[in-house]
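Student: I'd like to ask some things about the structure below.
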Amino acid sequence: MGFYSDEEQRKILASNLQYQIQLSGQDQKSISIELDINPPTFNQWVNGKAVPSVSTLRRLAKYFDCTLSALIDPVDVSSSAEVFTGKERALILKYRAASPAIKEAVDKLLS
């Protein structure tokens, strides 16, 4: 992996944040409020104008239930683990929005 300029790193983070927000099924404002982050500041990160502190990046990774790497590293489009079809993304969103009983049933099917 190479080194990235500040501008490139902001773009990578912005793209990855946008993806995680989409997967969460929530909007920027509700996420920023839940994490007690100023919404305009959060918006700057999502639009690649600024980068949060490392501690905030860790909080974001924990919130989105992803690795820190999933936020700060470029997505390797050749990796099937990182790329989902539209139907796969829809399944993830529906699972996240499902009731605990539905999630438990799905988890049993997958184990």
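Table: residues versus (1) open to solvent by 80 Å² or more (accessible area, probe 1.4 Å); (2) at pLDDT below 85; (3) of a type in the set (Ser, Thr, Tyr).
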site: Val46; (1), (2), (3): no, no, no
site: Ser55; (1), (2), (3): no, no, yes
site: Cys66; (1), (2), (3): no, no, no
site: Asp73; (1), (2), (3): no, no, no
site: Ala81; (1), (2), (3): no, yes, no
site: Ala101; (1), (2), (3): no, no, no
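Student: Please go through segment 16-44 and give me each residue that is modelled with pLDDT of 95 or more, open to solvent by 30 Å² or more (accessible area, probe 1.4 Å) and assigned to a loop (DSSP other than H, G, I, E, B), ordered by number.
Tutor: If the condition is that a residue be modelled with pLDDT of 95 or more, open to solvent by 30 Å² or more (accessible area, probe 1.4 Å) and assigned to a loop (DSSP other than H, G, I, E, B), then Asp36, Asn38 are the ones that fit.
Student: Are any residues in segment 1-14 surrounded by fewer than 15 Cβ atoms within 10 Å (Cβ to Cβ) and either more than 13 Å from Pro74 (Cβ to Cβ) or polar (S, T, N, Q) (or both), and if so, which ones?
Tutor: Matches in segment 1-14: Ser5, Asp6, Glu7.
Student: Kindly indicate whether Lys62 is over 11 Å from the mean Cα position of the chain (by Cα), open to solvent by 20 Å² or more (accessible area, probe 1.4 Å) and of a type outside the set (Gly, Ala, Ser).
Tutor: When the stated conditions are applied, Lys62 does not pass them.
The values are calculated or read from the model by the stated rules, or taken from the named source; none is laboratory data. Nothing here was measured: the structure is a model prediction, and the numbers come from that model. Using ideal geometry, Cβ is built from the backbone for each residue, glycine included, and neighbour counts are taken over all protein chains shown. Each accessible area value is taken on the protein alone, full model and side chains, heavy atoms only, with ligands, DNA and RNA left out. Shrake-Rupley method; radii C 1.70, N 1.55, O 1.52, S 1.80 Å.
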